[in-house]
């Protein structure tokens, strides 16, 4: 009740700014787990003292209450020199005083002055099976304008003995990455700052008799390859938050796709599902029969440029004798070949992310932006 009283006015001011991170349907709702929201800021000093204005989480993420978001923000801010944070306990003390005085709420500008803060944080969280997505906005209390927006994705890795998920570590990881980007904390592999979500869409295999077992067992071969490519990224490349098989399925269900064929090209509706949520990278493989008993394997990293289009970012290729995949170990050899290609492709994308972020920090330093 105190939360509603305190922020009744805030919600009205910021209604237009707060777009959904899980169901955005236009370009205004797009943000991926990159530094574009940070790099778009004007070259002025960023607010350094923050307070949580509100948080939202529904359905399977509803357990993430403002208290848990407050704890994640406070823990993150404590590790950033010169940054400050006012906890919700102190924030809500103003609501108690307002109620005692017969007031209905505290305007955001007055709230900021009385708490001595210059930025207000709003978050929204959504869970897709084993992945947590958190949208974080920082708002200028004087104008009500959003000055920073980012969506971070994190794998939910911890469960108790009954299989119940612990969302706390994933929440902290996602909040930490967004706030570290905002405050310009350097990236490192042990605690990565700049990451991007990655979906392995499928391995396109035509039902061509020249492919032998690859074609006759294409569903199983494609599915095993899809799972292995995601697992390899999650274990070896911290910059890539590769969604697991179940999480990918949950995202496609947001557009009423109940199942996908792992050996088929990405469909337009699947692309739209990723676009709506803020995922703008996907990985796809293509198997092509070649003359002379050979088969070509091509792994492509593609960027979703709109709900209806995507473009090639990078690729890795190889050519192997078709007979290599006709033995009793064909599935294992098929998967290993795709991992060999990923070993070339993934590090290049991770380098791109790190270099882009480092360049952003240099621009901030040269322009005087903190």
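A short reminder: the numbers here are calculations on the coordinates, not readings from a lab. Just so you know, these numbers come straight off a predicted model, no measurement behind them. Heads up, the Cβs are rebuilt from the backbone with ideal geometry, glycines too, and the neighbour counts pull from every protein chain shown.
Brief remarks on what is shown
- Subtracting the Cα-Cα distance of residue 90 and residue 258 from their residue separation scaled by 0.36 nm leaves 55.9 nm.
- When 180, 158 are arranged by Cβ crowding within 10 Å, least crowded first, meaning fewest neighbours, the order is 158, 180.
- For region 140-208, the Kirkwood estimate of the hydrodynamic radius, built from every pair of different alpha carbons, is 15.2 Å.
- Over all Cα atoms in region 269-370, the spread is summed up by Rg and Dmax: 18.5, 62 Å.
- Of the peptides 79-91, 131-143, the order by per-residue mean of other Cβ atoms within 10 Å, starting with the highest, comes out as 131-143, 79-91.
- Rg/Rg_globular for region 101-192, with Rg_globular taken as 2.2 N^0.38 Å and Rg from C-alpha atoms: 1.36
- At full extension, residue 116 and residue 293 could sit 56.5 nm farther apart than now, given 0.36 nm per residue minus the alpha carbon distance.
- The relative contact order of region 197-351, computed from alpha carbon pairs under 8 Å that lie at least 6 residues apart in sequence, is 27 percent.
- Solvent-free Debye scattering, log10 I(q)/I(0), computed from the Cα coordinates of region 197-351 at q = 0.10, 0.11, 0.15, 0.21 Å⁻¹: -0.33, -0.40, -0.75, -1.38
- FRET efficiency for residue 158 and residue 58, using Cβ-Cβ distance with R0 set to 25 Å, rounded to 0.05: 0.70
- If R0 is 30 Å, the Cβ-Cβ spacing of residue 311 and residue 143 corresponds to a FRET efficiency of close to 0.25.
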